[in-house]
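> The structure under discussion is supplied below as structure tokens; questions concerning it will follow.
The values are calculated or read from the model by the stated rules, or taken from the named source; none is laboratory data. The structure presented is a predicted model; accordingly, all values stated were derived computationally and were not measured. A quick note on method: Cβ atoms are made from the backbone with ideal geometry, for glycine too, and the neighbour counts reach across all protein chains shown. For accessibility, only protein heavy atoms count, side chains too; no ligands or nucleic acids. Shrake-Rupley method; radii C 1.70, N 1.55, O 1.52, S 1.80 Å.
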Amino acid sequence: MKRRAAALPLLVSTAVLVASTSSAGSSARPDEEPGIRAQVGELPAAAAAIMSGPEYDTARWLYSVAEADTGRVVLADRAGEFVFTASTAKNFTVGTAYATLGTDTTLTTPVYATAEPVGGVVAGDLVLVASGDLTMGGRGAMSGRVDHTFTADTIDHVYGDIAPNAALVPDDPLAGLDDLARQVAATGVTEVAGDVVIDTRLWETFDGQEGPAPSIYVNDNILDITVTAAGIGQPAVLDLRPQTQAVTVASTVTTTDAATPTSLTVTADPGDPTSVTVSATIAAGESQLTIHRVPDAASWARTLFVEALDRAGVTVTFPAVGPNDQADLPPAGPYPAEQRVAALTSPPLSALGRMILETSYNTGANALMCLLAVHGGSTDCIDGLAAVHSQLGLAGVDTDDVVLFDGQGADPASTTPEQMVTWMRWAQTQPWGEELAAGQPVLGVSGTLASTGQDGPAAGQVAAKTGTSVDVDPTTGRIYYKVQSLAGYLTTERGERLVFSLSMSGATYADLPTGLYQANEDVAAVAAAFQQAL
């Protein structure tokens, strides 16, 4: 088994043990080069005890902690060395999107009729023009929110293929499409004699490390499959969300006794990606969410919109299930305003950014990179990184010390703790800075840190983006930690804000669950020790 995870969320509940705030020094390794490692301050004893654990004999600990107001570094070690960013790089992407596009910016998804309706009939097509809206009315977006299910006990559904505790967002993922369909019907349209087309030309779909980032999203382009046990030896019961013809699901899942671990696999038919099979077993008394990631987002959205139109009383001549044919669309550019028959507005960018930061949503971060490219006049998403580097330069970051390949922080994206602290300190001084700070996961409270440190004295006082990147040795099954990191803010007992970046790189663990649990616990505990000692 191999898992590359630039933003792998923690799948287990954790608790941070915070020790005393006394201090102890740390020693450099004999092979370290003078001038590379610069140690500032005394390492708190609680942090030193964690770092000296046997699993960290092969690891580096890199960190920098500075006063937010003055920039004075109060604690640092190896702060000038490169280390993988993993998902802490999302602070670069989201901050740049706020600075460039504006925190209050919304995205509008319009629908156009290519022919004027006559007697309720459109003798042409309906075209939904994708805007990059990550919600399309779901996740509470119809009320201006972007909800998620990252809590102390559950994880968001976008990780349902790797997390047994994934949970659905309690909202209708088709709310936006249904609203658009009702608007179309309200204009008097009852029939579309042509086809329904999703115009996805806003940007070229970006092939991210963990999947594509297109310009259209409905339910995160995921089919949710909730599997519920029946009687032992009996077929399990499947519940699909959304209910649609877009994907056909078969099941061979059987119910086992309660002592047998649940194991679910979703496999697409190689010859027909719209047909999937759920297999393996589920333990008696259990219900578990798994997911199917839809590979063709445009055709998925097209089918869902045709079905929404049908619910609104608008019939479409072309069948609901079929390819999204953009061949006959007019040249890319604005559609005539008089052809618009419906529109959907997203929540503000700040709400989208907060969800991306709190859940470490890789596809969402890559979509922001794509929006930055579009803002700069390009349909090539990677061009959005030019805007990121421009903002880094304005922040006083040495851009030679930041290496990025996408918006999510996929390996081998790298920087130094020193440069990350420079960015986070500058960000807080910007008009959008408090929005970025407010979106950070909070120790023991929210997002990817919700399950960690709930009972410790630092709970609520560490707000930082998490980053995780691991690989598993295919022969031994041992897990190698390329990085476990945090980057954000500490609030002291005196109410003073500190900016920090903390990374651990190079530890190994017996297996994946052990590594995921212990690395996250230990890195968070070190951050908590910093907060308590300073």
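> Looking at region 95-116, which of its residues are open to solvent by 50 Å² or more (accessible area, probe 1.4 Å), within 30 Å of ASP195 (Cβ to Cβ) and not in a strand (DSSP E or B)?
Matches in region 95-116: THR106, THR114, GLU116.
> Sort out which residues of region 117-138 are part of a loop (DSSP other than H, G, I, E, B) and open to solvent by 20 Å² or more (accessible area, probe 1.4 Å), and write them in order of number.
PRO117, GLY119, ALA123, ASP125
> For THR85, only one of the following conditions fails: (1) of a type outside the set (Gly, Ala, Ser); (2) within 29 Å of TYR159 (Cβ to Cβ); (3) at pLDDT below 55. What is its number?
(3)
> Give region 244-259 a look and list any residue that's outside any strand (DSSP E or B) and surrounded by fewer than 14 Cβ atoms within 10 Å (Cβ to Cβ), or say none.
Within region 244-259, GLN245, THR252, ASP257, ALA258, ALA259 meet the criteria.
> Can you name the condition, by its number, that ASP272 falls short on among (1) at pLDDT below 95; (2) of a type in the set (D, E, K, R); (3) farther than 28 Å from ASN362 by Cα?
(3)
> Consider region 369-402. How many of its residues are of a type outside the set (Gly, Ala, Ser), free of Cβ contacts under 8 Å to residues at least 40 places away in the same chain and not in a helix (DSSP H, G or I)?
2
> From the list ALA19, ALA7, ALA15, which residue is of a type outside the set (S, T, N, Q), open to solvent by less than 10 Å² (accessible area, probe 1.4 Å), part of a loop (DSSP other than H, G, I, E, B) and modelled with pLDDT under 95?
ALA7
> Continuing with this model, one more query. Out of (1) under 24 Å from the mean Cα position of the chain (by Cα); (2) assigned to a strand (DSSP E or B), the odd one out for SER275 is which?
It is condition (1) that SER275 fails.
> Report yes if some residue within region 287-309 is aliphatic (A, V, I, L, M), open to solvent by less than 70 Å² (accessible area, probe 1.4 Å), in contact with a helix residue (DSSP H, G or I) (Cβ under 9 Å, 6 or more places away or on another chain) and in a loop (DSSP other than H, G, I, E, B); otherwise report no.
yes
> Would you pick out the residues in region 68-92 that are over 30 Å from ALA410 (Cβ atoms) and either open to solvent by 50 Å² or more (accessible area, probe 1.4 Å) or free of Cβ contacts under 8 Å to residues at least 60 places away in the same chain (or both)?
Across region 68-92, the qualifying residues are ASP69, THR70, ARG72.
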